């Protein structure tokens with residue numbers, strides 16, 4: 001009796017396990033979705049500084065914020081081979097600041113100060 005019962009159970013288990021073709025399942029789609037906000041190539045206006053104070057160089061959050069506004073800080077120490085003269089640097093920065101009024105709005109210096117403070121706090125860039 002035991003032998004007959006075990007044969008029936010094993011026989012039914014064999015029929016329950018059919019081998020078939022399985023579709024490959026992945027967690028991601030095979031085709032990439034197009035980016036809704038594609039990166040717009042834009043010429044960044046340089047604001048030349050002689051010292052790194054308030055530029056937060058290396059802080060990715062602040063660099064992205066300034067790039068979205070359309071400018072970037074470029075550090076050019078005085079006395080270097082390719083640095084601008086103080087007059088050229090002042091004229092260039094005046095033109096860039098004037099252009100940023102139209103590109104980023106008339107209150108762009110206040111916006112930059114707020115972003116600088118937020119990015120410093122978020123990334124822990126406070127010294128002292």
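Every read-out reported here was derived from the displayed coordinates using simple, explicitly stated rules and does not represent laboratory data. Given the structure is predicted, the values throughout are model-derived calculations rather than measurements. Every residue, glycine among them, receives a Cβ derived from its backbone with ideal geometry; neighbour counts consider all protein chains shown.
Please compute the length gained on full extension between residue 126 and residue 80, using 0.36 nm multiplied by the number of residues separating them and subtracting their Cα-Cα distance.
Values: separation 46, 0.36 × 46 = 16.56 nm, distance 2.89 nm.
Additional length available on full extension: 13.7 nm.
Once the piece of chain linking residue 60 and residue 93 is laid out straight, how much longer is it, given 0.36 nm per residue of separation minus the C-alpha distance between them?
Here the answer is 9.6 nm.
What is the mean projected area of the alpha carbon convex hull for region 45-123, to one decimal in square nanometres?
It is 5.1 nm².
Using the basic label-point model (7 angstrom from Cα toward the beta carbon), what is the residue 72 to residue 118 distance in nanometres?
Going from the residue 72 label point to the residue 118 one covers 2.1 nm.
For 82, 98, 62, 71, what's the fewest-to-most ordering of other Cβ within 10 Å of each Cβ?
Lowest to highest Cβ neighbour count: 82, 98, 71, 62.
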